[in-house]
Each structure stands twice: as C-alpha cells, then as structure tokens.
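**Q** The structure follows.
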Amino acid sequence: MGAIDAFVKTFSLILENKRLYLLALILALILAPIGAYLVPNELSYNYNQTSMQKGNVIVEEYGGPSEDELMDLFTQLMKGLAVYLLITMVLSSIFEYGVVKGALAHLAGEEPSLGELLGEGVRHFIGVFIINLIYSLIALAFIGVAFIPIAVGVMTLPAGGVLIFLGLVLLLPIAALVTSLSALSIPLYADKGKVGAAFEAFGLVFRNILSSIGFGFLMWVGIIGVGMISAPIAFVTEAFLNQGAGVYVSALLQAPFNALLYVFIWVAGVAFYKELQRMEELKKVDVELAELGIDI
C-alpha cells in the first residue's frame with residue numbers, strides 16, 4: 001500500500017503546489033530550443049548524382065551518402081547530443097533541487113518563493129549533479145547484472161532460451177527498484193543537507209523492497225501516460241510544418257508536457273520518501289510495543 005499511497009500523494013502535492021510546475025516549465029522552455037538545435041530529428045546530407053547517356057536517353061543515378069559522410073553525420077549527432085546532455089544535467093540539477101525543496105517545504109508548512117527555491121537550486125546544483133551521475137552509474141551496474149543471463153542465453157541458444165526468459169523476468173523488478181532508488185536520492189539530500197545522505201536510499205529501498213518495486217512500476221505508468229499525450233503533438237506539428245520551423249515549434253509545444261514529466265518524477269520521489277519514513281516509524285512503534293509485550 002505504501003507505493004500506491006505515495007503515487008496518489010504525488011498528484012495532490014503537484015496540485016497543491018502549482019508553482020513547482022512553473023519551475024519545471026521554465027526549465028522545459030529553456031531546454032526546448034537548445035535540444036531542437038543541438039539534436040535535430042533529421043540530418044541533411046547531399047545526394048551523389050551521376051549521369052550517363054544511353055543512345056538518345058540521359059540516365060541520372062542518385063546515391064546515398066558515402067561511409068565517410070555517414071560517419072561525419074554520426075559524429076555531428078553525437079557531439080550535439082553530448083553537449084545537450086551536459087547542459088540538461090546542469091540546468092536540471094538546479095531546478096530539480098528547487099522543486100524537491102519546495103515540495104518538502106510545503107509538507108513542513110512553509111511556502112518559499114520561486115526566487116528562494118531557484119537560489120537554493122543554484123547553491124546545491126553541484127551536489128545534485130554528482131548524486132545523479134553516481135546513481136546513473138549504479139543503475140547501469142544493476143541493470144547490467146540482469147543482462148548477464150540474457151547474454152549467456154543468447155550464446156547458448158536454443159538451450160539458453162530459459163536463461164533469456166529468466167533474465168527478462170529479472171530485468172523488470174531490478175529496473176523498477178533502480179527507478180525508486182534514484183527517485184529517493186535528491187529528497188534525502190535536500191532534506192538532510194548532506195551529499196552522503198543521498199545514499200541512505202539503499203537502506204530505505206531494501207528494507208521496503210516490495211513497496212519500492214511497486215512504486216517503480218507506478219512511476220513508469222505515469223511517465224508512459226505523459227509520453228502518450230505529447231507524442232501525437234510532436235508528430236502532427238512536424239508533419240505539417242517545414243523541417244526547420246517544425247522542429248522548434250514541436251519542441252516548444254512539447255515543453256509543457258516535458259515540464260509535467262519533470263515535476264511528476266521529482267515530486268514522486270518526495271512523496272515516496274515521506275511514505276517510507278512513515279512506514280519506518282510505524283515499524284519502530286511495532287517493535288517497541290512488542291518489547292513491552294503489547295500485541296496489536
């Protein structure tokens with residue numbers, strides 16, 4: 001029930017704190033044109049054109065890009081993506097801390113201004129950046145473990161089909177667990193003010209493993225739901241506008257939905273953190289009552 005309670009609490013927190021969505025929207029509007037410029041959906045290249053005469057007919061042949069041109073296009077895309085990811089990580093670190101701090105403050109009965117929250121984000125963005133980077137590596141390591149039986153199964157087919165199935169079954173709960181683990185890290189840091197506190201998430205998650213897996217799955221449902229709303233908008237916009245303008249207009253139209261996604265993920269972490277705290281306190285009460293010989 002802890003996962004469901006936290007999931008429901010997430011939406012109530014967002015509705016009660018519309019300013020937190022405004023923070024996320026500012027981030028999304030900043031990133032939209034940057035992403036459209038640095039990571040275009042399509043890369044232009046010149047077709048090779050050759051012509052030859054066969055009798056009285058001139059035949060023209062068009063060819064795609066050469067291997068060198070393809071490598072240049074790929075390099076261009078990777079460079080743009082790397083720059084975009086770096087900008088995104090830095091800016092999102094500022095706004096993530098601000099949103100998380102704002103949600104925690106609301107639960108404590110405080111209502112700091114947007115300026116105060118942004119100021120807090122600027123002061124703590126390095127800590128958020130480091131924590132998110134470390135947790136990304138941890139996530140890759142955990143998911144990599146699930147891929148071990150899949151890789152062994154692929155190399156030992158057809159008998160390895162069982163291992164592939166087991167690996168896929170293992171992958172889902174591990175990925176859900178990692179999702180909850182990452183969601184808790186910044187709320188812990190913002191609440192306790194120490195980078196080391198972010199790693200207390202491991203204790204919380206593994207002491208409440210079923211709730212953590214369930215919450216990870218519920219977060220995926222929310223993320224997919226937002227994606228299903230924004231994807232058709234992007235498709236229609238780029239289909240009816242020319243490539244240059246369409247990419248930017250599409251990015252700006254998707255910004256409100258991206259903002260909703262950001263605020264959902266960040267506030268969900270706060271809601272789950274507080275729910276796990278409540279569950280931990282109840283466990284302590286149960287232990288104390290048991291020591292007193294009181295059975296409830």
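**Q** Just subtract the alpha-carbon distance of E116 and M155 from 0.36 nm times their residue separation and send over the number in nm, one decimal.
**A** 8.5 nm
**Q** Now for a separate question. Take every Cα pair under 8 Å in segment 135-254 that's 6+ residues apart, average their separations, divide by the length, and report that relative contact order as a whole percent.
**A** After rounding, I find 17 percent.
**Q** Okay, moving on. Stretched out fully, how many nm does the piece from L22 to V236 gain, at 0.36 nm a residue minus the Cα gap?
**A** Taking 0.36 nm per residue and subtracting the Cα distance, the gain is 74.5 nm.
**Q** Further question on the same structure: Once R0 is set to 22 Å, what does the formula 1/(1 + (r/R0)^6) return for the Cβ-Cβ distance between A245 and L85, expressed as a FRET efficiency to the nearest 0.05?
**A** It comes to 0.35.
**Q** While we're looking at this one, here's another question. Between [x] 144; [y] 197; [z] 128, which matches volume of the Cα convex hull per residue in Å³ calculated for the structure shown?
**A** Here volume of the Cα convex hull per residue in Å³ agrees with entry [y].
**Q** Grab the chain and count how many Lys pairs have their alpha-carbon atoms under 29 Å apart, sequence gap of 8 or more, or different chains.
**A** Qualifying lysine pairs in the chain: 24.
**Q** Quick one, could you list the DSSP H helices from the chain stretching 18 Å or more along their long axis (Cα atoms) with average Kyte-Doolittle hydropathy of 1.0 or above?
**A** 2-16, 18-38, 114-155, 161-192, 209-240
**Q** Right, here's the next one. Please give the length that would be gained between A108 and F202 if that part of the chain were fully extended, namely 0.36 nm times their separation in residues minus their C-alpha to C-alpha distance (nm, one decimal).
**A** Going from the current span to full extension adds 31.4 nm.
**Q** So, with a 1.4 angstrom probe, what is the percent of accessible area on the chain that is carbon and sulfur?
**A** Heavy-atom surface of the chain belonging to carbon and sulfur, 1.4 Å probe: 70 percent.
**Q** Evaluate the relative contact order of the chain (contact order divided by residue number), counting alpha-carbon pairs under 8 angstrom at least 6 apart; express in whole percent.
**A** It rounds to 28 percent for the chain.
**Q** At a 10 angstrom cut-off on C-beta neighbours, averaged per residue, how do the peptides 11-20, 70-79, 120-129 rank from highest to lowest?
**A** Put in order of decreasing packing, that is 120-129, 11-20, 70-79.
**Q** Let me ask something additional. Give the separation of the Cα centroids, segment 21-39 to segment 201-250, in Å.
**A** Each part reduced to its Cα centre gives a spacing of 15 Å.
The values are calculated or read from the model by the stated rules, or taken from the named source; none is laboratory data. From a predicted model like this one, the values you see are computed outputs, not experimental measurements. Positions of Cβ are generated from backbone atoms using ideal geometry, with glycine treated the same way; all protein chains shown enter the neighbour counts. Note: areas computed on protein heavy atoms with side chains; ligands, DNA, RNA excluded. Shrake-Rupley method; radii C 1.70, N 1.55, O 1.52, S 1.80 Å.
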